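The values are calculated or read from the model by the stated rules, or taken from the named source; none is laboratory data. In this text, all values refer to a predicted model and were calculated from it rather than measured experimentally. Here the Cβ positions follow ideal geometry from the backbone for every residue, glycine too, while neighbour counts run over all protein chains shown.
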Amino acid sequence: MTTTPQYDRIIETIPTGLEKRVMDVLQYAFEASPGINVTRQDMIQNVFGVFVEKSKLSNNREDRQIREAIENLQRAGYPIISSSGKPGYRLAINNADMEAYIAELESRRSQLEEKIRALRTTRPNYFYVQPVIATQPALI
């Protein structure tokens with residue numbers, strides 16, 4: 001995947017032990033209320049000790065680092081799930097919970113494959129051409 005220099009710096013500065021801290025927060029939430037998601041804001045608050053407004057999450061360094069840690073943990077086989085219908089992350093309660101998450105991921109993959117297929121077949125036919133704006137010559 002191609003990345004930007006800013007993204008590379010965010011990844012390079014991930015604090016040591018971040019994945020463990022993320023798992024600790026998810027485990028604590030699971031023990032307190034199984035099935036309840038930890039929002040991105042709450043995760044930042046619990047892991048880094050800072051509050052970030054919801055409107056500023058998309059450009060937040062700590063949020064990006066936490067999401068990277070969660071992706072790494074998922075790749076390592078930890079049952080961390082999320083849903084497009086509910087904000088945040090949680091540990092899967094059971095196999096059915098995990099299967100529902102996998103089905104959602106597969107659906108997204110299928111939609112991406114359809115989009116890629118459509119773009120590959122239509123690309124040569126549809127290129128944006130800057131319209132020529134005709135101007136009327138000035139009258140003398």
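A few notes on this one:
- Residue within the range 2-17 that is touching a residue at least 40 places away in the same chain (Cβ under 8 Å) and surrounded by 15 or more Cβ atoms within 10 Å (Cβ to Cβ) present: yes
- Filter pass, Tyr78 being under 29 Å from Ala103 (Cα atoms), among the hydroxyl-bearing types (Ser, Thr, Tyr) and in a helix (DSSP H, G or I): no
- Look at (1) surrounded by 11 or more Cβ atoms within 10 Å (Cβ to Cβ); (2) not in a helix (DSSP H, G or I) and you find that Glu71 fails only one, number (2).
- Subset of the range 87-123 [in contact (Cβ under 8 Å) with a residue 12 or more places away in the chain and among the acidic types (Asp, Glu)]: Asp97, Glu104
- In the range 20-42, the residue that is surrounded by the most Cβ atoms within 10 Å (Cβ to Cβ) out of those that are of a type in the set (Lys, Arg) and touching a residue at least 24 places away in the same chain (Cβ under 8 Å) is Arg40.
- Residue match in the range 119-133 (condition: of a type outside the set (Asp, Glu), surrounded by 10 or more Cβ atoms within 10 Å (Cβ to Cβ) and either on the phi > 0 side of the Ramachandran plot or modelled with pLDDT under 95 (or both)): yes
- Qualifying residue in the range 43-58 (condition: closer than 19 Å to Ile11 by Cα, among the charged types (D, E, K, R) and exposed (fewer than 10 other Cβ atoms within 10 Å of the Cβ)): no
- Every pair of residues 6+ apart whose Cβ atoms lie under 9 Å, when the first sits in the range 52-67 and is under 16 Å from Tyr89 (Cα atoms) while the second is at pLDDT 95 or above and among the polar types (S, T, N, Q): Lys54/Thr39; Lys54/Gln41; Leu57/Gln41; Asp63/Gln41
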